[in-house]
Amino acid sequence: MQQFSFLSLLMGSTLLLSPSLLSAEEHNHGSHDHNHSSGEAGFYGHLDVKIHLDDVFDAEESDEEISEAYTHSHFETGYRFGNGFSVNANIELEGEPAGHSHHGGGGGEPDGSNLFFDNHDLIIRDLNVRYESEHFGLLAGKFTPVVGFDYHLFPGIYGYQAIEEYAVREKIGIGGALKLDAGDFGRHRLDASTFFADTTFLSGSLINERDTTDEDDGGVSNTEDFSSFALSLGGSDFYSLDNNIVEGFTYRIGFAHQAAGEGDEEDETRYSASLQYEHDFTADLKGRLIGEIMHIDHLNGEGPHDRTYYTSGLGITWKQWNFGTTWTHIENDNPEEADEAIDGDLFQASIGYTFDIGIGIGVGYRLQDEEGEEKHRVGALISYAYEF
């Protein structure tokens, strides 16, 4: 098989652009709440484009050693009425690495052929009405329930991928939030929602034509009733005259219960604890540490299968340069199939530079060790961010 290296192509392009990537500091999704309901009346929008160019250079099977290009991009938009109410949408064009599928689209199983933006879904991930005031918030429609940190917060060009694997998203329901400003003891927000899996026409997609979801398809929370729910408490903006360390902390603890759908053996429950610490060493040099534990009982409704994700990460920025890395350990527990309950690890690191105009290019490495098989890839990210 003749291989074409997307990485070589990108290296050639660096004659025109310096290496860069869009760091999480420029696009912080840690709270899941972008506060689009507040502000002056009018339209708003946030465009985030990420294009991956990867080479899998070492894998257990030769058919998996391929070059591929895919995107992970979204456009958030809506209208603020100026009185706390807003209409919000999140439109996503999503592909993912071959052999990895977390929400039904995905790159598919590799067959030795290079992939160029194959199997991409254009979806409406969120479409809802919100109200936000100083002390509480409400929402209704299609949304992403708040449990742990948003996956875009994790540093590195591949940092989001391990977290997105277990994300709870594309749900129909209602939710609310209570807000507390405790002064020096921080700002805190309690989010609660009840929901079920989207079975409307919005569960389909364009381009790759993902099928719409029916209740007969099964899957946790696919019940068309409000028997699934999520709770989450998060906080930040602490202050101390004696210890400036506390000022850099952000936390979130969460719980979600997803009721068994048709064909599932058990309800799925999950518990999470997330923590981030940011520190400004100088005006130009900043660093942050991030960690999250997500424990899931009865993964995807499987009776004997539990899984825990342990993720830690480090992000450093110096002027417009940045470095990001994460490591995720995946612990599986399945007494009925102990031989197949193999623990795994995901590691990734990248370095890059972000231009003032929002364009970035970064290069990185990712090791995937799952089900006893290793896969090594190097790649690059071309990104662009714009907000109005």
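Val246 passes every criterion in (1) open to solvent by 70 Å² or more (accessible area, probe 1.4 Å); (2) more than 27 Å from Gly173 (Cβ to Cβ); (3) aliphatic (A, V, I, L, M) apart from (1). For the range 54-80, residues that are within 20 Å of Asn208 (Cβ to Cβ), part of a strand (DSSP E or B) and touching a Leu at 6+ places or on another chain (Cβ under 7 Å) total 5.
The set of residues in the range 316-328 that are part of a strand (DSSP E or B) and open to solvent by 40 Å² or more (accessible area, probe 1.4 Å) comprises Ile316, Trp318, Trp321, Phe323, Trp327. Here His103 passes the criteria (1) modelled with pLDDT of 95 or more; (2) within 20 Å of Ile163 (Cα to Cα); (3) open to solvent by 20 Å² or more (accessible area, probe 1.4 Å) except the one numbered (1).
No other residue among Leu231, Leu190, Leu202, Leu206 is without any contact (Cβ under 8 Å) to a residue 60 or more places away in the chain, of a type outside the set (Gly, Ala, Ser) and over 24 Å from Glu302 (Cβ atoms) apart from Leu190.
For the condition open to solvent by less than 20 Å² (accessible area, probe 1.4 Å), under 18 Å from the mean Cα position of the chain (by Cα) and either modelled with pLDDT under 95 or not aliphatic (A, V, I, L, M) (or both), Gly313 qualifies.
Being crowded, with 21+ Cβ neighbours inside 10 Å and not in a strand (DSSP E or B), is that true of even one residue in the range 356-364? No; the residues of the range 356-364 include none that is crowded, with 21+ Cβ neighbours inside 10 Å and not in a strand (DSSP E or B).
A quick yes/no check of all residues on (1) of a type outside the set (Asp, Glu); (2) outside any loop (DSSP other than H, G, I, E, B); (3) open to solvent by less than 70 Å² (accessible area, probe 1.4 Å):
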| position | (1), (2), (3) |
| --- | --- |
| Phe229 | yes, yes, no |
| Phe238 | yes, no, yes |
| Asp242 | no, no, no |
| Ile290 | yes, yes, yes |
| His295 | yes, yes, yes |
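Looking at (1) out of contact with any strand residue (DSSP E or B) (no Cβ under 9 Å at 6 or more places or on another chain); (2) at pLDDT 75 or above, which one does Glu109 not meet, given that it meets all the others? Result: Glu109 fails condition (2) only. For the range 56-88, the candidate set comprises residues that are among the aliphatic types (A, V, I, L, M) and under 15 Å from Asp111 (Cα atoms); within that set, the residue that is surrounded by the most Cβ atoms within 10 Å (Cβ to Cβ) is Ile66. Beta carbons closer than 9 Å, at least 6 apart along the sequence or on distinct chains, pair a first residue in the range 297-318 that is on the phi > 0 side of the Ramachandran plot with a second that is of a type in the set (Asp, Glu) and open to solvent by less than 20 Å² (accessible area, probe 1.4 Å) for His298/Glu268; Asn300/Glu268; Gly301/Glu268. Can you spot a residue in the range 167-183 that is small (Gly, Ala, Ser), crowded, with 20+ Cβ neighbours inside 10 Å and part of a loop (DSSP other than H, G, I, E, B)? No, every residue in the range 167-183 fails to be small (Gly, Ala, Ser), crowded, with 20+ Cβ neighbours inside 10 Å and part of a loop (DSSP other than H, G, I, E, B). Scanning the range 274-315 for residues being touching a Ser or Thr at 6+ places or on another chain (Cβ under 9 Å), among the β-branched types (Val, Ile, Thr) and within 29 Å of Thr354 (Cβ to Cβ) gives a total of 2.
Taking into account only those residues within the range 32-76 that are of a type in the set (S, T, N, Q) and farther than 30 Å from Phe388 by Cα, which is modelled with the highest pLDDT? Ranking the qualifying residues of the range 32-76, first place goes to Ser67. For Ile123, the conditions (1) touching a Leu at 6+ places or on another chain (Cβ under 7 Å); (2) open to solvent by less than 30 Å² (accessible area, probe 1.4 Å); (3) among the hydrophobic types (A, V, I, L, M, F, W, C); (4) in a strand (DSSP E or B) are fulfilled apart from (1). Against the list (1) in a strand (DSSP E or B); (2) surrounded by fewer than 19 Cβ atoms within 10 Å (Cβ to Cβ), the condition Thr212 fails is (1). Among the conditions (1) touching a Gly at 6+ places or on another chain (Cβ under 7 Å); (2) within 29 Å of Asn243 (Cβ to Cβ); (3) not acidic (Asp, Glu), Thr282 misses just one, which is (1).
The values are calculated or read from the model by the stated rules, or taken from the named source; none is laboratory data. The structure displayed is predicted, hence computed values, not measured ones. All Cβ positions, even for glycine, are placed from backbone atoms using ideal geometry, and neighbour counts span all protein chains on display. The area values use the complete protein model at the heavy-atom level, side chains included, leaving out ligands, DNA and RNA. Shrake-Rupley method; radii C 1.70, N 1.55, O 1.52, S 1.80 Å.
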